[in-house]
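Report on one structure; see the data block that follows.
The values are calculated or read from the model by the stated rules, or taken from the named source; none is laboratory data. Computed from a predicted structure; not experimentally measured. Note that each Cβ is placed from the backbone with ideal geometry, even for glycine, and that neighbours are counted across all protein chains shown. To get the accessible areas, we keep the full protein, side chains included, count just its heavy atoms, and leave off ligands, DNA and RNA. Shrake-Rupley method; radii C 1.70, N 1.55, O 1.52, S 1.80 Å.
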Amino acid sequence: MQRLLWIGLPLALACGGLTTSQATPPVPSDAPEAAPQADLQAPQAPETPTTWVDQAVEEALANEIMPGTSGDEDDGTRAAALRKFFEAHPEYQDPARREPLWAHACGLGTEGAHDYLTNPPPKKEEVVEVTDEDWKVFVAHSGAACTSDDWSWYTHEVSEAAAARGAVLGHGDMDTNMVIVKRNGVEVARAPLTGFGWLALRAGKPPLDIDYDPSNVEKMDEVFGPVLDPAAGKAPPSP
């Protein structure tokens, strides 16, 4: 009877789906650890694509600030006005069409630059009156409404240098395309004005265009001679 029990026990385990060999095996000490499960993150919302209006507004905000200065931080009001402007003017979708705006934006604003370019005023002449027979004229001229802090600084410096050498000063803005020199009401010289720069004229000599460059302040000696003696109103004698 006992022998039957010992024989029947393995058979019962086998019939029940278990055997002694199917017991949970020990985990080998060198078994690899399960990889940590990656953190689950919420899907990111797709970024809104940048439109040409967005780009134009960004450019306008930057170009409305005079170079060399810092503008006031926009609280969103100016950006909203610019967005409205560009949405009403789809022709500025072309970046090349926007470039002329930036030549005037820091002086007139973007909308003002548009109005100026759409209906430009007639060009005008700068008339400079002189009295000396050996007359000298210096004209600083800017071809756009937007200049820079450096332009103002160095133009003032070179104009003072020219005046100290006996030159009569003139000025040409973005609407001035010609300077005319008159002596005793009679025209004695004229020269065109284009872009940014300085123009030096002297009796008996051709007009000289001087590029806008701080170092060109030194050219005043070459063009107009040495600084005049303030007391005598003429150039001091050579040493």
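Of interest is the spacing of the C-alpha centroids, which for region 130-167 and region 172-229 amounts to 8 Å. Taking a sphere under 10 Å around the Cβ of residue 136 and counting the other residues whose Cβ falls inside, with K and R at +1 and D and E at -1, yields a net charge of +1.
Grab the beta carbon distance between residue 54 and residue 209, set R0 = 35 Å, and tell me the FRET efficiency rounded to 0.05. According to the calculation, E is roughly 0.30. Listed by chain and number, the lysines whose C-alpha is less than 19 Å from the C-alpha of residue 219, apart from same-chain residues fewer than 8 away, are 136, 205, 234. For residue 190, the residues whose modelled amide H falls within less than 5 Å of its own, excluding neighbours fewer than 5 places apart on the same chain, are 181. Working from label points 7 Å from Cα in the Cα-to-Cβ sense, the residue 157 to residue 229 distance is 2.9 nm.
Between residue 184 and residue 88, the distance separating the two model label sites (each 7 Å from Cα on the Cα→Cβ line) works out to 5.7 nm. Subtracting the Cα-Cα distance of residue 61 and residue 171 from 0.36 nm times their residue separation leaves 36.7 nm of extension gain. Full extension of the segment from residue 75 to residue 132, taken as 0.36 nm per residue of separation minus the current Cα-Cα distance, would add 14.9 nm. Net charge within 11 Å of residue 183 by Cβ-Cβ distance, Lys/Arg positive one each and Asp/Glu negative one each, not counting residue 183 itself? My count for the surroundings of residue 183 gives -4. In this simple spin-label model, placing a label point 7 Å from the Cα along the Cα-to-Cβ direction at both residue 221 and residue 117 gives a separation of 4.4 nm. With a 1.4 Å probe rolled over the protein heavy atoms of all chains, the accessible area of 175, 72 falls in the order 72, 175, largest first. By a 1.4 Å probe calculation restricted to protein chains, residue 135 has an accessible surface near 20 Å², given to the nearest 10.
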